[in-house]
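> Before anything else, here's the structure in question.
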Amino acid sequence: MYRFSLLIFLGFLTVKMFATSITASSFGWNGINDTSALQQAFTANVDTLYIDLQAGNWISGPLIFDNSVNDKVVIFEKNVTIEALPGAFDGYLYNGLFTFINCSNISFQGYGATLKMNKQEYIDLNDGSEWRHVISISGCNNFSIFGLELIDSGGDGIEISGLWQQPVPSTNIHIKDCKINNNYRQGISITSAENVLIEHCKITNTEGTPPAFGIDLEPDMAYDVLNNIQIKQCRITGNEGGGVLVALWMLDETSQPVDVTVEDCYIGSNQNQGIVIDVNSSGPVPGQVLFSRCLIENQPGNAIFSNKRESLLLEFNDLVIKNVGTAGGSYDMPVFIQKQYDYSGLPLGNILFNNIYIDDRFFTRDFLDITHWGGSSQVENVSGNFFIYNPNGVSSYVEAPWVNVTFTQQTVDTLPLADLSVSTYNNTAYETGNDNTASFTVERTDSDFSFPLGVYFNVTGTAQNRLDYSYFTKMLIIPSNAASTTYTFTALPDLIQEPQETIDVTISPNDHYTTTTGNVQLYIEDELLSVSENNTTPVTLFPNPAKNNITVSDLNSDEFFYEIFDLSGQQIIKKKPVSLHTINVEQLSSGTYFLLLHSGLNKTTFIKFIKE
């Protein structure tokens, strides 16, 4: 037996060649209380677990796995929902829907599936709990979560932490293409982790208890770790506290160096600040926090706010900031750096602002304020360059004394800034094989490329964002000193034979640019198993579902052989039928399978069926 290429996309997990599998419904389903069935399914001694679609939602109480689930791929069938059992979490302040402690090598594949809790129920309890997470990962290694929608928790959508009161972080965590909405405390929290990649996620509408950010990186102890944390191409909007919080106040000079990178993200329309970095700790924290090519807009508070000692490096590159600080308070300027009531005597500084564009046209105020209160000796080591569009005037403030403060501010006089055109030289992505990407290029024409330019897109077509291709944030940044940039879509493999799907990309209107060529069409095709798919004649199976035999009709060929695969892509059977056009499936376990038919002239047909 062998495993074909449709599921070789499991992040950090190495898939075994000879896998064993089972469906969750093998342990029962009633849609009333499925906790026991799911607990047994997850701890079953198999490599692959299928959460299969039933007549209603799976309903579950807390599912807690303490080193009891390892080396497992969990595949959620499209349209599956696992919902928290009402009342089952009332007496448990720290229990979420899924809790994994000290587990290794787990992959969740859930494109089109949902994990849902009952947020209002937990709010009504008024018990002070903020830890009823959808998924909690504590001290785990090699854990990936792809494609799931995680909603309505009494805590975080996803919490990533170390082992309780131990210097053991979670490691090698990959979160991709997830939709995380309406959670109580955070969309995603990380307290102690190493090698984390969060990409192509939509994180929205966190509200309930502070901090209530989209993403919160907040160690609890000095021994906690934030090492190689990467956040890429995410859209973070509508969150009560703000977009991204990096709160390092529990770390000190004994802590491991911090290494956090946030790239190509949209941070907009949150209810307070965009980015907050709190380094007001008891000692200087080593390391760096880097933000590059992000667009921050429509915030009541600051685009960037920081309590900052001169410890770790803060670096901001090619940011575009628009319409922030709309609350109009005394300190609601685009960038506000302070050192509040700190009597340590340590200076404020070690900040780089490289090519920051700010549209502050609706206000008369400083675009930047760096203030130190208390016993700080001075501001030092702040550099960079800003491009400011504000017809009311351009000004900034740095409190004296200061040393080595060398940033520049250049006035942008008029809009639009450029004329844009979009084109493609790679317009088709295939779901399988090596050629799984399609791309488009945006080029600007203007005499001045020295500043970054934010570009907005509308994406339509028959292909679905986050289900047929990795989630696209609908904006790009053309970096400073660059005439163009290219965005690449990655097709997501599935087991469904489909016609060609389209991705229609159109530049959205904006007063910062005009458009010469504003749209382009890209395509996604199956290319199943890298074989010819030129059989356009419809082929059907009956009965489907089947118990003993299935009959193939309308194949137009008497000579064919067939293969049967399970949902993970493992080949179960390969043979010719014993009786013409009749296939015996009696020996198969109950579940969902795929039949691949090979007939004359290299024709292939791929059909889903259910074995009762």
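The values are calculated or read from the model by the stated rules, or taken from the named source; none is laboratory data. Just so it is clear, the structure is predicted and the values come from calculations on it, not from any experiment. Cβ atoms come from the backbone with ideal geometry, glycine included; neighbour counts cover every protein chain shown. Ligands, DNA and RNA are excluded from the accessible area calculation, which covers all protein heavy atoms including side chains. Shrake-Rupley method; radii C 1.70, N 1.55, O 1.52, S 1.80 Å.
> Please verify whether residue 421 is in contact (Cβ under 8 Å) with a residue 60 or more places away in the chain and either surrounded by 14 or more Cβ atoms within 10 Å (Cβ to Cβ) or more than 27 Å from the chain's Cα centre (by Cα) (or both), treating the condition exactly as stated.
Spelling it out, residue 421 is indeed in contact (Cβ under 8 Å) with a residue 60 or more places away in the chain and either surrounded by 14 or more Cβ atoms within 10 Å (Cβ to Cβ) or more than 27 Å from the chain's Cα centre (by Cα) (or both).
> I need every pair where a residue in region 513-538 that is open to solvent by 40 Å² or more (accessible area, probe 1.4 Å) and of a type in the set (Ser, Thr, Tyr) has its Cβ under 7 Å from the Cβ of a residue that is in a loop (DSSP other than H, G, I, E, B) and at pLDDT 50 or above, sequence separation at least 6 or different chains.
Every condition considered, the pairs that remain are 514/416; 523/427; 523/500; 530/432; 530/433; 537/554; 537/556.
> Check residue 251 against each of (1) surrounded by fewer than 20 Cβ atoms within 10 Å (Cβ to Cβ); (2) aliphatic (A, V, I, L, M); (3) in contact with a Pro (Cβ under 6 Å, 6 or more places away or on another chain) and name the one condition it does not meet.
In the conditions (1) surrounded by fewer than 20 Cβ atoms within 10 Å (Cβ to Cβ); (2) aliphatic (A, V, I, L, M); (3) in contact with a Pro (Cβ under 6 Å, 6 or more places away or on another chain), residue 251 misses (1) alone.
> Looking at (1) in a strand (DSSP E or B); (2) of a type outside the set (S, T, N, Q); (3) out of contact with any strand residue (DSSP E or B) (no Cβ under 7 Å at 6 or more places or on another chain), find the lone condition where residue 224 falls short.
Condition not satisfied by residue 224: (1).
> Tell me, which residue of region 258-271 that is more than 17 Å from the chain's Cα centre (by Cα) and surrounded by 20 or more Cβ atoms within 10 Å (Cβ to Cβ) is nearest to residue 207 (Cα to Cα)?
Step by step, filter region 258-271, then rank; the result is 270.
For every residue, the table says whether it meets (1) under 25 Å from the mean Cα position of the chain (by Cα); (2) at pLDDT below 95; (3) surrounded by 15 or more Cβ atoms within 10 Å (Cβ to Cβ).
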site: 425; (1), (2), (3): no, yes, no
site: 436; (1), (2), (3): yes, yes, yes
site: 454; (1), (2), (3): yes, no, yes
site: 472; (1), (2), (3): yes, yes, yes
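> In region 210-248, which residues are of a type in the set (Gly, Ala, Ser) and open to solvent by 20 Å² or more (accessible area, probe 1.4 Å)?
222
> If I ask for residues that are polar (S, T, N, Q) and open to solvent by 10 Å² or more (accessible area, probe 1.4 Å), which ones from region 135-175 would you list?
136, 138, 141, 142, 161, 165, 166, 171, 172
> Just checking, which of 83, 77 is out of contact with any helix residue (DSSP H, G or I) (no Cβ under 8 Å at 6 or more places or on another chain), open to solvent by 20 Å² or more (accessible area, probe 1.4 Å), of a type outside the set (Gly, Ala, Ser) and within 23 Å of residue 470 (Cα to Cα)?
77
> Among strands (runs of 3 or more DSSP E) lying entirely in region 151-198, which contain 3 or more residues that are farther than 19 Å from residue 261 by Cβ and in contact (Cβ under 8 Å) with a residue 24 or more places away in the chain? Show your work before the answer.
On the way: elements: 156-161, 170-176, 179-181, 186-190.
Strands (runs of 3 or more DSSP E) meeting the threshold: 156-161, 179-181.
> Out of all the residues in region 263-275, is one or more closer than 18 Å to residue 308 by Cα, free of Cβ contacts under 8 Å to residues at least 40 places away in the same chain and part of a strand (DSSP E or B)? Walk me through how you get there before you give the answer.
Of the residues in region 263-275, the ones closer than 18 Å to residue 308 by Cα are 273-275.
Cutting the leftovers down to free of Cβ contacts under 8 Å to residues at least 40 places away in the same chain gives us 273, 275.
Those still in the list that are part of a strand (DSSP E or B) too: 273, 275.
Yes, that holds for at least one residue.
> What residue, among those in region 438-452 that are open to solvent by 50 Å² or more (accessible area, probe 1.4 Å) and among the hydroxyl-bearing types (Ser, Thr, Tyr), is modelled with the lowest pLDDT?
By that ranking, first place goes to 447.
> Scanning region 53-69 for residues that are in contact with a Ser or Thr (Cβ under 6 Å, 6 or more places away or on another chain) and at pLDDT 95 or above, which turns out farthest from residue 151 (Cα to Cα)?
Filtering first and then ranking leaves 64.
> Just name the residue that is farthest from the chain's Cα centre (by Cα) out of those in region 379-398 that are buried (at least 17 other Cβ atoms within 10 Å of the Cβ) and in a loop (DSSP other than H, G, I, E, B).
Ranking the candidates gives 394 first.
> A further question follows. Take residue 490 and decide whether it is β-branched (Val, Ile, Thr) and more than 20 Å from the chain's Cα centre (by Cα).
Judged against the criteria, residue 490 is not a match.
> Within region 46-100, count every residue that is part of a loop (DSSP other than H, G, I, E, B), touching a Cys at 6+ places or on another chain (Cβ under 8 Å) and on the phi < 0 side of the Ramachandran plot.
3
A quick yes/no check of all residues on (1) among the acidic types (Asp, Glu); (2) over 30 Å from residue 76 (Cβ atoms):
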site	(1), (2)
436	no, no
439	no, no
443	yes, yes
453	no, yes
463	no, no
484	no, yes
487	no, no
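> Among the residues of region 565-609 satisfying the criterion of being within 14 Å of residue 550 (Cβ to Cβ), aliphatic (A, V, I, L, M) and loosely packed, with under 14 Cβ neighbours inside 10 Å, which is modelled with the highest pLDDT?
Here the answer is 580.
> Based on what the data block shows, is residue 30 out of contact with any helix residue (DSSP H, G or I) (no Cβ under 9 Å at 6 or more places or on another chain) and of a type in the set (S, T, N, Q)?
Considered against the rule, which asks whether it is out of contact with any helix residue (DSSP H, G or I) (no Cβ under 9 Å at 6 or more places or on another chain) and of a type in the set (S, T, N, Q), residue 30 comes out as no.
> Residues 92, 122: which one is surrounded by fewer than 20 Cβ atoms within 10 Å (Cβ to Cβ) and of a type outside the set (S, T, N, Q)?
Numbers: 122 fails: surrounded by fewer than 20 Cβ atoms within 10 Å (Cβ to Cβ).
From the options 92, 122, the qualifying one is 92.
> Right, next: Taking residue 368 as the residue in question, decide whether it is within 35 Å of the chain's Cα centre (by Cα) and surrounded by fewer than 17 Cβ atoms within 10 Å (Cβ to Cβ).
No; evaluated as a whole, the condition is false for this residue.
> To continue, here is another question. From 434, 458, grab the single residue that is on the phi < 0 side of the Ramachandran plot and assigned to a strand (DSSP E or B).
The conditions single out 458.
> Right, next: Can you tell me which residue within region 475-489, out of those that are in a strand (DSSP E or B) and of a type in the set (S, T, N, Q), is least open to solvent (accessible area, probe 1.4 Å)?
485
> Looking only at residues in region 286-301 that are small (Gly, Ala, Ser) and either open to solvent by 20 Å² or more (accessible area, probe 1.4 Å) or assigned to a strand (DSSP E or B) (or both), which one is farthest from residue 229 (Cα to Cα)?
Within region 286-301, the match that is farthest from residue 229 (Cα to Cα) is 292.
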